[in-house]
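For reference, the structure discussed in these notes is given below.
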There are 2 protein chains.
Amino acid sequence: MHLFYQPDFAQISALTDDEAFHAAKVLRLREGEAVRVTDGKGSWFDAVVQKSTPKRCDLTVIQRTVQTPRSYRIEIALAPTKNMDRIEWFVEKATEIGIDTVSFFYTRHSERRNMKLERLQKIAVSAMKQSLQAFLPELKEVGDFSNYVPGVSAAQKFIAHLPEDRTPPHLLKSAQPGQEYTVLIGPEGDFTEAEIRLTQQHGFEMATLGNTRLRTETAALVACQALHAVNYLP
Amino acid sequence: MHLFYQPDFAQISALTDDEAFHAAKVLRLREGEAVRVTDGKGSWFDAVVQKSTPKRCDLTVIQRTVQTPRSYRIEIALAPTKNMDRIEWFVEKATEIGIDTVSFFYTRHSERRNMKLERLQKIAVSAMKQSLQAFLPELKEVGDFSNYVPGVSAAQKFIAHLPEDRTPPHLLKSAQPGQEYTVLIGPEGDFTEAEIRLTQQHGFEMATLGNTRLRTETAALVACQALHAVNYLP
């Protein structure tokens, strides 16, 4: 079964842009063929091709299935790495295991100060389809760390950080099930002391992610999966 | 501090081969410089360069630190993917978060029937150093699935599989802390029914890894991290 992503499908019952082109030119879909479309907002549509052109593929909906959203929401906010490959795999893997929001911020030690979200967006769409999910994570650039931190409104806010004088509890132990979470993951050069202080002023709890030193993108994925684990376990 | 890996360091107090070459030609280490060496078997050696040539770098050991091994052991056994990049990132990430053994087997639906372990070995060494660990995971090709399965001796043996008629418990719920674990991860085309039957005859428990369909290498990493979670939580 061919899978498509069309964010406004509930309104237009058609594929447009790249998805219409792919349907017409690559898959050469004909009238009457069955396809599946998700709007990335929780719905799957079983549908049949009415008319396919490279610009628009009109579909007749047979059935709409609504996927139940998770009872918790995960935002991972991180400093993008210099090497975009590492961020790309994080977005792919986090989408596969399930994530709601990926936010990119810039810190004092950030190795990268700009992001092209378009390619990451495509990777997320592809991973969403691959893992048979109907929710597309939101990817966003949130700018300067110092502007971003005060506005985080999640019920549980964490920063992955190991201070010199003590070991904070593992994220698996601090996170409570069924919450909205935000976890901050620093750049390879770590957060500065001023950045840490700012998070403490805004109610972020320090958390560890294990006994080994992790790369930025590994820490981000480990945090995401730890939050799923907290919710599977009770 | 420069980090090196020398498996027989306890015996020879020297770097050889690539590590000696790297020390002499790339880093141009001189007499008296401080370095750190791990044997990949749990020891760190703080040492000082005595004499460095591209073939051998003799060191004087100042101090040996022994890392306590984990109270549990993780083996992930998987069918290698067609695309080696995916296996390479799995080995890198699993080494970073901690794994004891990665075994590669061949099944009926395997997309790849041969493995070059040399490059994976280098990736594991680099990830071990990067994450400041003194244990190098064992990477091995274990051949045909049907020959490998009967010999698995771990206390807890799992197969990541979702049968059509029921949903087995999540690995997080079935795994007990402090055990030796083996988890089997199938190829993209999944295990055959005969392969599943064989695992059932040899005491493997079926386990799920979440609510989404995961790629082989993602499932392998999720399984590895779930086993860590089981051991962090109690």
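Some observations on this one:
- Residue-averaged 222 nm ellipticity for chain A, from DSSP H runs of 4+ at -39500 (n - 2.57), nearest 500: -8500 deg cm²/dmol
- Hydrodynamic analysis of the protein assembly as shown uses the Kirkwood radius over alpha carbon pairs. Inserted into Stokes-Einstein at 37 °C and 0.692 mPa s, it gives a translational diffusion coefficient of 136 µm²/s.
- About its Cα centre, the dipole of chain B is roughly 400 debye, where the only charges are +1 on Lys and Arg Cβ and -1 on Asp and Glu Cβ.
- For the range A:1-69, the set of GluC sites (Glu not before Pro) satisfying both a DSSP loop assignment and a count of at most 12 other C-beta atoms within 10 Å is given as A:31.
- Low-density loop cleavage sites - trypsin sites (Lys or Arg not before Pro) in the range B:94-147, where at most 12 other Cβ are within 10 Å (DSSP): B:113, B:116
- Helix A:117-130 axis, angle to chain A major axis (alpha carbon atoms, nearest 10°): 70
- Here the range B:1-124 is assigned +1 on the Cβ of each Lys and Arg and -1 on the Cβ of each Asp and Glu. Its dipole about the Cα centre then comes out at about 320 debye.
- Couplings 3J(HN,Hα) of the range B:57-74, computed from phi: 10, 7, 10, 9, 7, 8, 7, 10, 10, 9, 7, 6, x, 4, 7, 9, 10, 10 Hz, in residue order, whole Hz [Karplus 6.51 cos²θ - 1.76 cosθ + 1.60, θ = phi - 60°; x for Gly and Pro].
- FRET efficiency estimate (nearest 0.05) - Cβ-Cβ, residue B:3 to residue B:109, R0 41 angstrom: 0.55
- Separation between Cα centres of the range B:124-148 and the range B:25-86, rounded to whole Å: 15
- In Hz, Karplus ³J(HN,Hα) per residue of the range B:35-45 (6.51, -1.76, 1.60; θ = phi - 60°; x = Gly, Pro): 9, 10, 10, 10, 9, x, 10, x, 10, 10, 10
- In this structure the amide hydrogen of residue A:5, modeled in the peptide plane, comes within under 5 Å of the amide hydrogens of A:38, none closer than 5 places in sequence on its chain.
- When only alpha carbons of the range B:2-66 are considered, Rg and Dmax amount to 10.3, 29 Å.
- Under 10 Å, Cβ to Cβ, from residue B:219 - net charge with Lys/Arg +1 and Asp/Glu -1: 0
- Annotation for residue B:180 and residue B:201: the two label points, set 7 Å from Cα along the Cα-Cβ direction, are 2.3 nm apart.
- Shape class of the range B:73-232 from the Cα gyration tensor (axes a ≥ b ≥ c, square roots of the eigenvalues): oblate, since a/c reaches 1.5 or more and a/b does not exceed b/c.
- The alpha-carbon of residue A:116 sits under 18 angstrom from the alpha-carbons of these lysines, leaving out residues fewer than 8 places away in its chain: A:82, A:140.
- Farthest towards the positive end of the charge dipole of chain A, among the residues A:184, A:54, A:209, is the Cα of A:54, using unit charges on the Cβ of Lys, Arg, Asp and Glu.
- The C-alpha atoms of chain B define a longest principal axis, and helix B:216-232 lies at about 80 degrees to it.
- Ratio of Rg to Rh for the range A:125-196: 1.02 [Cα atoms; Kirkwood radius as inverse mean 1/r over pairs].
- Anchor residue A:173: lysines whose Cα lies under 27 Å away (excluding residues fewer than 8 positions away in-chain): A:93, A:157, B:93, B:157, B:173
- Loop GluC sites (Glu not before Pro), the range A:140-218 (other Cβ atoms within 10 Å of the site Cβ: 10 or fewer; DSSP): A:164
- Partners for residue A:51 among lysines (Cα-Cα distance below 16 Å; same-chain residues under 8 apart left out): A:25
No lab work stands behind these numbers, since they all come straight from the coordinates. Just so it is clear, the structure is predicted and the values come from calculations on it, not from any experiment. So basically every Cβ, Gly included, is an ideal-geometry build from the backbone, and we count neighbours across all protein chains shown.
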